[in-house]
Structure formats: C-alpha cells, structure tokens
Amino acid sequence: MNIALAQINVHVGNFDANLQKMLDYTRRAKEQGADIVVFPELATVGYPPRDFLEFDDFIEKSDTVVQQLARAADGIAIIVGAPTKNPVVEGKDLYNSAYFLANGRIQQVQHKTLLPTYDIFDEYRYFEPAAEWNVVRYQDKTIALVVCEDSWNVGNENPLYKINPMDRMLEQQPDLIINISASPFSYDHAAERVAAMRANVERYDLPLYLVNHVGAQTEVLFDGGSLVVNSRGEVVDEMPYFEESLRIYNTEEVQEGSEVSGERERDKMTLIHDALVMGIRQYFGKLGFKRAILGLSGGIDSALVAVLAARALGPHNLRCILLPSQHSSDHSVNDARQLAQNLGCQYDIVPIESVYHSYMDLLQPHFFGQKEGLTEENLQARIRGMILMAFSNKFGNIVLNTSNKSEMAVGYGTLYGDMCGGLSVIGDVYKTECFELAKFINRDGEVIPGNIITKPPSAELRPDQLDSDSLPPYPELDAVLYQYIELHKSPQDIIEAGADPLLVQKALRLVNINEFKRHQTAPVLRVSRKAFGMGRRFPIVAKYLS
C-alpha cells in the first residue's frame, strides 16, 4: 500500500481555502499512485479553533468540507481530522475525530481518546473522549487510526492518562498505526515527538505514520516534521520543518527499511530563527496584512525583530522608525541606521526630545516638588509608542513588539510604550538567547552591526543607564527564570542548584507582580515549552512568591 502524508498549512475557519488545499493535495497524491492520503488533526477547521467550536454554524461548515472530501475519495482513500457532533445528550457536544473516507463516502470515524488540557491545549473544554476503538480495514491492510495525544501516553515516566487507545486496538491485530496530529513547535519538541513515536513502535511492534500540521495560528507555531517509523524503531523519514510537503511511502519498503533517511539535523538557533520568520509571515498573511513597522533603537532586541521581519515580509514591507531622545547615544542612532541600510528597508528618524519637553512643561505644575525618576523614563517610552501607533494608523502597518522574554518576565518594559504592538516576536526568547540568535544571523557575514551585539544593553532613558543598574547580569537572571518558568522549580530548588538566594527572591517576585503587564501585551510567538500567553495561566492578584 502507498500512503501519502500531506503536511499542510491550514487556516482556522477558512473552510473554502482549507478544502481547496486538501482537494489539490488529494489530486496530487492520487496522480503519484497513493492509495491513501492523510491530513492532520482538525484539518477542516484549523488548530486550535478554540471557542469557534461552540458555534453550530462552524461545525456545519466543517461537516460540509468532510462531505465534499468524501466525494473526492474516488480511487483514493482520505484520512482527515474534523470535529464530530456527539449524538448522546450526556457529555460534551463534540468529538475530535479522524475520518476515513473511501469510495465516495464516510466509511468510518474514530474519535480521539486522550484530550490534553495542559499548556496551550484545552481540548476537554470542547470534546468528549472516545469510548470505542475499532481498526480500519482497507484493501489488504488493517489500520489503527489514532489522533495526536493518543500516542503520547506511551513510555511516559509520568503518564497523564489511565488508558492507551492502542492497547484496545491491538486486540484487533492492526498492521500499522496512522496518527493525525496537531503537534506544536518548541525548539526541543521534534526530538520529543520522535522519542514518543518510537516508544509506541517498541510497545506495539508496528510501523507508525504520523502527519503533522505546519504553519502558524497566531502565537501557536507548527513545524511539520511528519514521521514514518518502521517496526524496528528506525526513522524511515522525517519530513521538512516549516514548509508544506507531500510524500508517499510504500508500506513494504518502509518495513524492509531499504531506504532510511533518519531524523533531521536540529540546531536550536536555526529552529528558533525559522520558526519566528514563519510566525511573522503567517500572522500577517492570515490576517491579510503586508507591512510592519517597529521602533529601531540601536539595541539588540529591535535589531533582531527587524531582521526577522525583513526576512518574513521582505525589506520593502518593513518600515523602521528611529526615535532618539536626549539620552540616545550617537552610536545607537548610527547602529540603527546602519542596520536599516544593511536590510534595505525604509527608515525614518523622528526625534522625541521636543515632545518630551512639551509633556514635562504640561506636567510640571502638577509634579512640582517631585523627584524625577521612573515616571520620566516611562514617559519617553510612551511617547515612542504613541508615535509608532500614529504611523501604524496612518499607513496601515502592524507594529511589532520588540520585548524579549527576560524583560517580559520581570516587567522591564513600559505598558503603552515599548510593550505596544500587534505581535510580540521575541517575547519567548531570553536575552541571552537573543545574543545567540544575533550571532547566528551574522554567521555568514555582518547583518546586525557588531557594536549592537557587543555593547552593554541599555534602555537609554537616563544618562549612562545600563540594564545592569536595575537587573542582575542576564546569564544569571535567565538561568533562574528558565528554572522557574519552564521547569516549575521552587525557590529552594533553584537556590540548591547554586543560584544566589537574593537573586532568586527578587527575580521570582518580579515575575509574579508583573503578571498584569503580560495580560495586556501582544500575542507572543511560542518557541519554547512554556511561553507567556495562552499556555501559561497565572492569576494577576495572588500572594504566592510576590
């Protein structure tokens, strides 16, 4: 049997486009001799559809897509993920299902059993778990059809669920496993995905075919990396990252292992770079926007975002605004100008000193007798934010937020100032990782001026200001933040690992008291296992560690 894996980029709620794409891939797979073409989890509606699933019209449109795909299943079978109405009154109204379509109709539907409710996932909010498990018999093969998480409970040291659907299907003696997935990207997740699928192969002694989404849905990124693993645990193929792909596999050749491509090479900075470029491109493309704008300060964060945006949208679709104040150094302005010229993008210089002094004159009678400090620093950032939003409104460009993860974590940013924007590009990239990413970008020649990378970080909101005046050195700070945010370590655990107790106390307090800021910032492109945003849910008003 020839099985085609169609690693596609769909768009939440864009039923016509999703259908046409799947019809096109079905035609191509059929022309290339495939017996079955396999599409990802919830491919009819896009993932994650979230509360759109509560609209009857949304489900009916998905049903229509399934019916039209069924009519196209002529001479080729189609496996596709879609929501299914639950006919039973008790329980949730929907199932998350894998449809098997052949001979012009729906032949069989297998519902998802294991419904994740961690990190970005909230599937039990909408779906009822499967209570029946039946293999699919097609041509001379018996197929165990499972959906994403159904294969992730195997080989887990801390299982989340009390059941493995494949245990039930194994009794029906399947020849192979097909898994349709919506497995989101983080820079270490592809390796975890391979390990999880190998664990299934080892347990069930069956070859496994997994197809995954590719593309971005707001902040959630999908890397593709669809997999074929033979019953010996060999990775026969791992499909490309961050691009659509159609590949056909012969089941006998897979089992023989005559051609084993193995796993793809994974470099952390390559993955993060490619994910962020894709995330920007998809965010703009799916919203129907083309042009971006950002404040270019001469610092590493805005430089990184500018490079990534230029690569995602084209330099002709990026406009950089230099907004020097009385505290901006000449080298920062020159560095920013040089970067814009290196990228070939439009840039404007809009000095803010006169605007700042106008504000201070306005406020002076009300601030009389008060010392200058954070208010005056934040005022500069908010003036910049206001100007960027004015450019955005006038020219229809989306403002890109340039805050990094370290700053977002400890609140080292100004609401309605430098934290403004429609998309947070590097909000899941720690400051130390920003330096790594900048060096990666410059690996084949200078794109980001070297001075931007080597000079000490500074917000330049007061004379001779450095980030180190307010924050610990970033390598020490980031190490603490990573253990707390990603690994959920307690203060005592972090201290026992060697961190300074005062640093731990200060950093964790800053993280927790600044939750209100993060609730008001733009969506953050997710590249780690725990990003700020929909996958991290903490109360704003809480006492713990604050």
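The values are calculated or read from the model by the stated rules, or taken from the named source; none is laboratory data. Worth saying up front: this structure is predicted, and the values here are computed from it rather than measured. Note: ideal-geometry Cβ built from the backbone for every residue, glycine included; neighbour counts use all protein chains shown. Protein only, heavy atoms only, side chains kept; ligands, DNA and RNA dropped before computing areas. Shrake-Rupley method; radii C 1.70, N 1.55, O 1.52, S 1.80 Å.
Below is a table of values for the structure above.
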| read-out | value |
| --- | --- |
| Selection count where residues are assigned to a loop (DSSP other than H, G, I, E, B), closer than 16 Å to L339 by Cα and open to solvent by 80 Å² or more (accessible area, probe 1.4 Å), scope region 445-471 | 1 |
| Hey, E259 more than 22 Å from L176 (Cβ to Cβ), among the charged types (D, E, K, R) and at pLDDT below 95 or not | no |
| The lone exception for L53 - which of (1) touching a helix residue (DSSP H, G or I) at 6+ places or on another chain (Cβ under 6 Å); (2) in contact (Cβ under 8 Å) with a residue 40 or more places away in the chain; (3) not charged (D, E, K, R) it fails | (1) |
| Residue match in region 337-344 (condition: open to solvent by less than 70 Å² (accessible area, probe 1.4 Å), at pLDDT 95 or above and closer than 20 Å to L525 by Cβ) | yes |
| Pairs, first farther than 11 Å from G417 by Cβ and part of a loop (DSSP other than H, G, I, E, B) in region 384-402, second open to solvent by less than 30 Å² (accessible area, probe 1.4 Å) and among the β-branched types (V, I, T), C-beta under 6 Å, six or more apart | N397/I293; T402/V305 |
| Matching entry among L101, L53 (being closer than 29 Å to G279 by Cα and open to solvent by less than 40 Å² (accessible area, probe 1.4 Å)) | L53 |
| Filtered residue count, region 374-405, keeping only those that are of a type in the set (G, A, S) and under 19 Å from A275 (Cα atoms) | 1 |
| Filter pass, Y138 being in contact with a Gly (Cβ under 8 Å, 6 or more places away or on another chain), closer than 23 Å to V65 by Cβ, touching a residue at least 12 places away in the same chain (Cβ under 8 Å) and open to solvent by 10 Å² or more (accessible area, probe 1.4 Å) | no |
| Residues (aliphatic (A, V, I, L, M), open to solvent by 20 Å² or more (accessible area, probe 1.4 Å) and in contact with a Gly (Cβ under 8 Å, 6 or more places away or on another chain)) located in region 509-537 | L510, I513 |
| Count - residues of region 260-307 that are part of a loop (DSSP other than H, G, I, E, B) and open to solvent by less than 60 Å² (accessible area, probe 1.4 Å) | 4 |
| Filter result (touching a residue at least 12 places away in the same chain (Cβ under 8 Å) and surrounded by fewer than 24 Cβ atoms within 10 Å (Cβ to Cβ)) within region 308-320 | R311, A312, L313, P315, H316, N317, R319 |
| Those residues of region 356-366 which are more than 42 Å from the chain's Cα centre (by Cα) and open to solvent by less than 70 Å² (accessible area, probe 1.4 Å), in sequence order | L363 |
| Flag for P159 being closer than 19 Å to V80 by Cα and assigned to a loop (DSSP other than H, G, I, E, B) | no |
| Subset of region 493-540 (residues that are under 24 Å from R50 (Cα atoms) and among the aliphatic types (A, V, I, L, M)) | A522, V524, L525, V527, A531, M534, I540 |
| Scan of region 1-45 for residues that are within 21 Å of L176 (Cα to Cα), open to solvent by 10 Å² or more (accessible area, probe 1.4 Å), out of contact with any helix residue (DSSP H, G or I) (no Cβ under 6 Å at 6 or more places or on another chain) and not charged (D, E, K, R), ordered by number | N2, G33 |
| Test: residue in region 490-508 that is closer than 19 Å to I426 by Cα, open to solvent by less than 20 Å² (accessible area, probe 1.4 Å) and modelled with pLDDT of 95 or more | no |
| Matching residues, region 415-429, being open to solvent by less than 10 Å² (accessible area, probe 1.4 Å) and in a loop (DSSP other than H, G, I, E, B) | G417, V425, I426, G427, D428, V429 |
| Neighbours by Cβ (under 7 Å, 6+ apart or cross-chain): first from region 7-36, of a type in the set (D, E); second assigned to a loop (DSSP other than H, G, I, E, B) and at pLDDT 95 or above | D35/M1; D35/I76; D35/Q139 |
| Number of the condition not met by R382 [criteria: (1) open to solvent by 70 Å² or more (accessible area, probe 1.4 Å); (2) out of contact with any Gly (no Cβ under 6 Å at 6 or more places or on another chain)] | (2) |
| In region 472-488, residue least open to solvent (accessible area, probe 1.4 Å) [restricted to those that are part of a loop (DSSP other than H, G, I, E, B) and within 30 Å of D335 (Cβ to Cβ)] | P472 |
| Condition broken by S354, with the remaining ones in (1) closer than 25 Å to P456 by Cα; (2) part of a helix (DSSP H, G or I) satisfied | (1) |
